[in-house]
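The values are calculated or read from the model by the stated rules, or taken from the named source; none is laboratory data. Computed from a prediction, not measured in an experiment: that's the story for all the values here. Positions of Cβ are generated from backbone atoms using ideal geometry, with glycine treated the same way; all protein chains shown enter the neighbour counts.
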Amino acid sequence: MPDTVPMLERDLQDQVLDLARLLRWRVAHFRAARTAHGWRTPVSADGAGFPDLVLVRSRRLIAAELKRDAKAKLTPAQQAWLADLRGAGIEVYVWTGDDDLDDIAAVLR
C-alpha cells in the first residue's frame, strides 16, 4: 500500500476557498509575502494569530483556522483570537487536511 502524501495547508485553503465560493460565501484571507526576513503577513495592532479565513453569508460569520493536519498545534495567539471570537458569538472552526471536505461543506451549507 503506497504512503499517502500529506495535504499542504495551502491545498486545504484552496479547496475551502473553492467550496466557499461555490456556496456563495464572501471570504477574506490575508496572504503572507516573502521578505528578506522570511514569510511575513503585514498586520498591525493585534493581528498576529488572526484566523486564516473569515467567511460571511447572510447572517452568519465564520472564522476558520487552517492546519495541515490534526497534529498541528495552534499558537497561543491563534488560541486567543479563536477564544475571543467564539466569546463574541462568532462561529469558530479549526479545519485540518485530515478533515473530510464533506464535513466542511456541511458547515458551509
Pairs where the first residue, in the stretch 5-22, is in contact (Cβ under 8 Å) with a residue 12 or more places away in the chain and part of a helix (DSSP H, G or I) and the second is of a type in the set (D, E, K, R) and surrounded by 11 or more Cβ atoms within 10 Å (Cβ to Cβ), C-beta under 7 Å, 6+ apart: GLU9/LYS67; GLU9/ARG68; GLN13/ASP52
Test: VAL94 is within 15 Å of the chain's Cα centre (by Cα) and over 16 Å from ARG10 (Cβ atoms): yes
Within the stretch 32-52, considering residues that are in a loop (DSSP other than H, G, I, E, B) and at pLDDT below 75, the one nearest to GLN13 (Cα to Cα): ALA32
Failed item in (1) loosely packed, with under 14 Cβ neighbours inside 10 Å; (2) modelled with pLDDT of 95 or more; (3) of a type in the set (Val, Ile, Thr), with ILE62 passing the rest: (1)
Residue within the stretch 67-83 that is assigned to a strand (DSSP E or B), touching a Lys or Arg at 6+ places or on another chain (Cβ under 9 Å) and under 17 Å from MET7 (Cβ atoms) present: yes
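Which one of these is surrounded by 12 or more Cβ atoms within 10 Å (Cβ to Cβ), at pLDDT 90 or above, in contact with a Lys or Arg (Cβ under 7 Å, 6 or more places away or on another chain) and more than 12 Å from TRP95 (Cα to Cα): ARG24, ARG57? Explain how you work it out, then say what you get.
Values: ARG24 fails: surrounded by 12 or more Cβ atoms within 10 Å (Cβ to Cβ).
Result of the check over ARG24, ARG57: ARG57.
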Members of the stretch 53-66 found to be part of a loop (DSSP other than H, G, I, E, B) and at negative phi, listed by number: ARG59
Flag if ARG57 is over 18 Å from ARG10 (Cα atoms), in contact (Cβ under 8 Å) with a residue 12 or more places away in the chain and touching a Phe, Trp or Tyr at 6+ places or on another chain (Cβ under 6 Å): yes
Of all residues in the stretch 94-109 being touching a strand residue (DSSP E or B) at 6+ places or on another chain (Cβ under 6 Å) and not in a helix (DSSP H, G or I), the one that is modelled with the lowest pLDDT: THR96
